[in-house]
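See structure below.
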Amino acid sequence: MEHQFTRIAVKIGSNVLTRKDGTLDVTRMSALTDQIAGLHKAGIEVILISSGAVASGRSEVKTNKKLDSVDQRQLFSAVGQAKLINRYYELFREHGIAVGQVLTTKENFGTRRHYLNQKNCMSVMLENKVIPIVNENDTISVSELMFTDNDELSGLIASMMNAQALIILSNIDGIYNGVPSDPSASVIREIDRGKDLSNYIQTSKSSFGRGGMLTKTNIARKVADEGITVIIANGKRDDILTNLINHPDTTLCTRFLPSEQPVSSIKKWIAHSEGFAKGEIHINEQATQVLTSDKAVSILPIGITRVEGEFEKDDIVRIIDNQGNAIGVGKVNCTSRQVIEALGKHGKKAVVHYDYLYLE
């Protein structure tokens, strides 16, 4: 059968791989590995973003004293990550498939050079039929610099690697049009651009994961806007991945429909770089109007009213309109000092060129 996707990113949440007692569910992990191996053999490139290191380490280490949550997370994930990747290695080896570990942190996406290094590393793996298994490096990521959770990381990876689909496996069948436990609520099967979901989303977190449904939908939106299909489905259902690929119309899930307009790779990077913004550029009303029209325009010093924070050339900055609203992010062409010197002047070069500007 002809598959609609040739490269997908699959994110397996901690709540899929974790049993009620907080330990790793090896049976589930094995079943998902079998399905990924099947897709791999059918010619689909798979990038796997897997949680589960903390659950994997929890049963290995008996701690002498009560640890705070960061210490506990670092300890369990350091031990558990080794165990987790080893288990994947063994499971995939039974199918004759090699895997490679990619541990990353938020800062690795912050500069274009690090971003391209990561992209290259995973491209080489895929070219050589190796499945990349990606996780956040929890041992060195401390809370404020962490990804919201692996959903955010999976969105970045899918975007960076030009995947055609991102499949987020959780312990829920999709986005419901009410409270999932309410018998009258049902799964919204398709979500088009611009559909307001705020009435439906429950803000409660899943028990083991850091990211609730709100995080998932925000990330799904952004990734779908970049032309990538995003699917949220239940990873605890048997053969879920195989069915999503082979029987997409009859498999229960929520599908975010992708934008028709592809986004350039540099804009993709900038779109996901908001967390690394070094400062702000405030623009006047005229500049705001031109930017929010359909014209392709750059930000010139004449339209800038003030600068917040210090930044260097090539840093990411937030763009703030004349009402004080954040309207996007961009990569600057010069330092904050140079911008201040050129403020309001005609005939100066663009501070943020259109090609390096992402408007929300």
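Okay, here's what the table says:
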read-out	value
Candidates Val339, Val332, filtered to the one that is touching a strand residue (DSSP E or B) at 6+ places or on another chain (Cβ under 7 Å), under 23 Å from His272 (Cα atoms), among the hydrophobic types (A, V, I, L, M, F, W, C) and surrounded by 18 or more Cβ atoms within 10 Å (Cβ to Cβ)	Val332
Some residue of the stretch 97-112 being touching a strand residue (DSSP E or B) at 6+ places or on another chain (Cβ under 7 Å) and in contact (Cβ under 8 Å) with a residue 60 or more places away in the chain	yes
Condition check for Gly330: modelled with pLDDT of 90 or more, assigned to a loop (DSSP other than H, G, I, E, B) and not assigned by TED's automatic domain parsing to the domain that holds Glu107	no
Filter result (among the hydrophobic types (A, V, I, L, M, F, W, C) and modelled with pLDDT under 85) within the stretch 187-218	Leu197, Ile201, Phe208, Met213, Leu214
Lone unmet requirement of (1) touching a helix residue (DSSP H, G or I) at 6+ places or on another chain (Cβ under 7 Å); (2) closer than 16 Å to Ile133 by Cβ; (3) assigned to a helix (DSSP H, G or I); (4) not small (Gly, Ala, Ser) for Arg73	(2)
Criterion: at pLDDT 90 or above, farther than 30 Å from Gln4 by Cβ and not aliphatic (A, V, I, L, M) - qualifying residue of Arg87, Arg112, Arg58, Arg73	Arg87
Which listed residue is in contact (Cβ under 8 Å) with a residue 60 or more places away in the chain and in contact with a helix residue (DSSP H, G or I) (Cβ under 8 Å, 6 or more places away or on another chain), from Ala296, Ala287, Ala271	Ala271
Residue match in the stretch 300-313 (condition: within 22 Å of Gly155 (Cα to Cα), touching a residue at least 40 places away in the same chain (Cβ under 8 Å), touching a strand residue (DSSP E or B) at 6+ places or on another chain (Cβ under 9 Å) and assigned to a strand (DSSP E or B))	no
Residue that is closer than 30 Å to His114 by Cβ, of a type in the set (Gly, Ala, Ser) and out of contact with any Phe, Trp or Tyr (no Cβ under 8 Å at 6 or more places or on another chain), where the choices are Ser265, Ser293	Ser265
Among the candidates Glu280, Glu341, residue that is out of contact with any Cys (no Cβ under 8 Å at 6 or more places or on another chain), of a type in the set (D, E, K, R) and in a strand (DSSP E or B)	Glu280
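Residue by residue, here is whether (1) crowded, with 21+ Cβ neighbours inside 10 Å; (2) not in a helix (DSSP H, G or I) holds:
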{"site": "Ala220", "(1), (2)": "yes, no"}
{"site": "Val223", "(1), (2)": "yes, no"}
{"site": "Asp238", "(1), (2)": "no, yes"}
{"site": "Thr242", "(1), (2)": "no, no"}
{"site": "Pro248", "(1), (2)": "no, yes"}
{"site": "Leu252", "(1), (2)": "no, yes"}
{"site": "Pro258", "(1), (2)": "no, yes"}
{"site": "Lys268", "(1), (2)": "yes, no"}
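This table checks each residue for (1) at pLDDT below 95; (2) assigned by TED's automatic domain parsing to the domain that holds Ile85; (3) in a loop (DSSP other than H, G, I, E, B).
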{"residue": "Gly22", "(1), (2), (3)": "yes, yes, yes"}
{"residue": "Met29", "(1), (2), (3)": "no, yes, no"}
{"residue": "Gly43", "(1), (2), (3)": "no, yes, yes"}
{"residue": "Ile47", "(1), (2), (3)": "no, yes, no"}
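Residues are listed down the side, and each one gets a yes or a no for (1) crowded, with 19+ Cβ neighbours inside 10 Å; (2) in contact with a Ser or Thr (Cβ under 9 Å, 6 or more places away or on another chain); (3) over 16 Å from Arg93 (Cα atoms):
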| residue | (1), (2), (3) |
| --- | --- |
| Arg7 | no, no, yes |
| Asn15 | yes, yes, yes |
| Thr18 | yes, yes, yes |
| Asp21 | no, yes, yes |
| Leu24 | yes, yes, yes |
| Gly43 | no, yes, yes |
| Ile49 | yes, yes, yes |
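The values are calculated or read from the model by the stated rules, or taken from the named source; none is laboratory data. Computed from a predicted structure; not experimentally measured. Don't worry about glycine lacking a Cβ; one is built from the backbone with ideal geometry, like all the others, and counts go over all protein chains shown.
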